[in-house]
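Contents: one structure, followed by commentary.
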Amino acid sequence: MALMPVAEALARVLAEAEPLLRRYEGAFTYVGQVPRDRLRWYYSQASVLVLPSIEEGLALVLAQALACGLPVVATANSRWPCVIAGAAQKASRNPR
């Protein structure tokens with residue numbers, strides 16, 4: 001089985017998702033790929049970052065959003081629940 005080029009695979013996924021996303025038009029903004037030097041600006045303009053995923057390793061986009069103070073909503077299908085739980089425990093400790 002031959003591997004599909006990334007751009008072709010992404011275009012295919014977006015084409016399949018378009019009818020579903022159209023139902024929610026106006027409720028969110030799909031931005032797509034952003035140059036690294038513009039990430040902080042995009043995070044500062046957002047209210048929340050949502051990363052629904054069937055399977056995800058350690059998506060750096062979540063760490064970047066959290067580092068910018070942006071609330072994150074993500075599925076538990078990654079290593080992030082452990083990372084976020086650890087961060088929440090550290091943040092909730094009394095510093096005295």
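The values are calculated or read from the model by the stated rules, or taken from the named source; none is laboratory data. Just so we're clear, the structure is a prediction, and the values are computed from it rather than from any experiment. With ideal geometry, Cβ positions are generated from the backbone for all residues, glycine too; neighbour counts draw on all protein chains shown.
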- Which helices (runs of 4 or more DSSP H) does segment 5-96 wholly contain that include 3 or more residues that are at pLDDT below 75, surrounded by 10 or more Cβ atoms within 10 Å (Cβ to Cβ) and aliphatic (A, V, I, L, M)? 80-92
- Only residues that are under 14 Å from the mean Cα position of the chain (by Cα) and not β-branched (V, I, T): list them for segment 10-39, please. F28, Y30, G32, Q33, L39
